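Asks: This is the structure, below, for whatever I ask next.
The values are calculated or read from the model by the stated rules, or taken from the named source; none is laboratory data. Predicted, not measured: the structure shown is a model, and the values here were computed from it. Neighbour counts run over all protein chains shown; Cβ positions are idealised from the backbone, glycine included.
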Amino acid sequence: MTEKKTTHFGYEEVAVDEKAGRVADVFHSVAAKYDLMNDLMSAGVHRLWKRFTIEVSGVRAGDKVLDIAGGTGDLSFKFSRIVGENGLVVLADINESMLKVGRDRLLDRGAAGNVVVSQADAQFLPYADNTFDCITIAFGLRNVTDKDLALRSMLRVLKPGGRLLVLEFSKPKSSLLGKVYDTYSFKLLPFMGKVITDDADSYRYLAESIRMHPDQQTLKNMMDEAGFGETKFYNMTGGIVALHKGIKP
Amino acid sequence: MLSTKALSPSIPMDDNAPNQSTLDPTLSTAALAALESAINAALKYDPGTRSALAKLAGQILAVESTQPPFTIYLQATKTENQSLRVFADPDQQCSPTTHLSGPFLAIAALALKDSSTLANSGVTVMGSTALLSDMQTLLKQMDIDWEDALNQLMGDLLGHSLANRIRSLAGWAQHRILSGQRLVSEYLTEELKSLPAKPELESFYQEVDELRMSVDRLEQRIARIIKT
């Protein structure tokens, strides 16, 4: 009898082929109030983390940008303004509910013409080799079942010289901040989730999945192994969030 | 031609160098976001400057303060609700059209004073001086429609009467300042003859610019001849 391969779903061990479905359920549940919850959970700071990501991206007019796990389209909207009418932004997400919210929000804010919406799995990106100047994945990599496979897929669709930016929760630099952060995310976060979306479990999963995500140095090593060059990371808000950058050689 | 000299570290620094004194990018990004938001909120009430900036869309002015050390970038845009993008470029990937550097106070003084020269200002410029001159002119000609802003805040009646008072007070103050400046400037250029007149200076700077462009063209020609 062969043993079934497992992976993490928060603190739970689940079969590899189950994880995507379980993650999808979480995001179907929170999609409608995702932005509101993000604002409340981070006190609006997630906007600054995303803004810094855009500054580090070096995206300019005419560039092609892929925003993976783009969710409600925050980054895609900003990128669509920067790349202009000759550029292209692809808002990609594996989750249909999140993608629908993102597409509607982009249209409501007047981003059209240079933005396309695409339902895609980060592990098997359905785009040609050497297509994009920049790829971003903000708060999405920790939900991907096979992160190494996803990183290699991203490398394939990047143009040589193109940049990958991974914005993700990480490990706080100070132990005191770590303790405060733990109390906040395991006590207050599920409570807020319960009050606002009537779904404490999804937010408990978010907190657990953050703890299971590789820390700064490990993710940097994973990017090196996937084939990215000049990899580095920026710690933000004391390391609660880190922005990793790698360049396709 | 723009120099390729590396810019000094922008506000947020790489965290992979643990011994370096670093400012958390969250804080520096918040400061720049606040600055950008304040500038764009003011420009919302100045359609003239907004449309002039739209003509400069895409051009980037790098402002490098040597003391305190930081670099910020200003990019004119023509998108709705945003006329000027203010950003740091931590990895120095963008190519500024114009790069201004010097102590922060000297740069601030340059932005405010009515001068066409950088001589003795402590500020150096690289790249196209045209963008710098356009930006400086825009800053001086900025005419914020305070009345519209006040009306939106407190209604037409109160807003209009308050705006009238502010306008007359500002007009009087500006007149005093301008006449004082004119008297001093006339005394220095016409009576003492210790300074050249403004038109002479401007013509001189134009000639320098033309010479610079001719040298650039000549450089290109020589490079082409050598290549062939």
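Asks: Tally up the residues in segment A:71-80 that are more than 11 Å from every other protein chain (Cβ to nearest Cβ), closer than 19 Å to residue B:79 by Cα and of a type outside the set (Phe, Trp, Tyr), please.
Replies: Going through segment A:71-80 one residue at a time, the tally reaches 4.
Asks: Please tell me if residue A:198 is under 25 Å from residue A:221 (Cα atoms) and of a type in the set (Asp, Glu).
Replies: no
Asks: Provide a single number: the residues in segment A:205-238 that are basic (Lys, Arg), in a helix (DSSP H, G or I) and surrounded by fewer than 20 Cβ atoms within 10 Å (Cβ to Cβ).
Replies: 1
Asks: Further question: Do we find a residue being in contact (Cβ under 8 Å) with a residue 40 or more places away in the chain, in contact with a helix residue (DSSP H, G or I) (Cβ under 6 Å, 6 or more places away or on another chain) and within 14 Å of chain B (Cβ to nearest Cβ) anywhere in segment A:199-211?
Replies: No - not one qualifying residue is present in segment A:199-211.
Asks: Cβ-Cβ distance below 7 Å, separation of 6 or more or different chains: which pairs start in segment A:54-69 with a residue that is at pLDDT below 95 and end on one that is basic (Lys, Arg)?
Replies: As it stands, the answer is A:54/A:78; A:56/A:245; A:57/A:163; A:58/A:163, since those pairs meet every condition given.
Asks: Hey, another quick one. Hey, among the residues in segment B:90-134 that are of a type in the set (Val, Ile, Thr) and over 20 Å from residue B:216 (Cα atoms), which one's modelled with the lowest pLDDT?
Replies: Checked segment B:90-134; the qualifying residue modelled with the lowest pLDDT is B:117.
Asks: Shifting gears a bit: Considering only segment A:110-162, state which residues are exposed (fewer than 15 other Cβ atoms within 10 Å of the Cβ), farther than 26 Å from residue A:214 by Cβ and within 14 Å of chain B (Cβ to nearest Cβ).
Replies: Correct list: A:110, A:112, A:113.
Asks: Can you name every residue in segment A:45-70 that is more than 10 Å from chain B (Cβ to nearest Cβ) and more than 19 Å from residue A:127 (Cα to Cα)?
Replies: A:46
Asks: Take segment B:91-112 and flag every residue that is over 21 Å from residue B:58 (Cβ atoms), not β-branched (Val, Ile, Thr) and not in a strand (DSSP E or B).
Replies: If the condition is that a residue be over 21 Å from residue B:58 (Cβ atoms), not β-branched (Val, Ile, Thr) and not in a strand (DSSP E or B), then B:103, B:104, B:105, B:106, B:108, B:109, B:110, B:111, B:112 are the ones that fit.
Asks: Please go through segment A:76-115 and pick out each residue that is assigned to a strand (DSSP E or B) and under 18 Å from the mean Cα position of the chain (by Cα).
Replies: Correct list: A:89, A:90, A:91, A:92, A:93.
Asks: So which of B:28, B:37, B:51 ends up being at the interface with chain A (Cβ under 9 Å from one of its Cβ atoms) and either surrounded by fewer than 20 Cβ atoms within 10 Å (Cβ to Cβ) or under 22 Å from residue A:48 (Cβ atoms) (or both)?
Replies: Checking each option against the conditions leaves just B:28.
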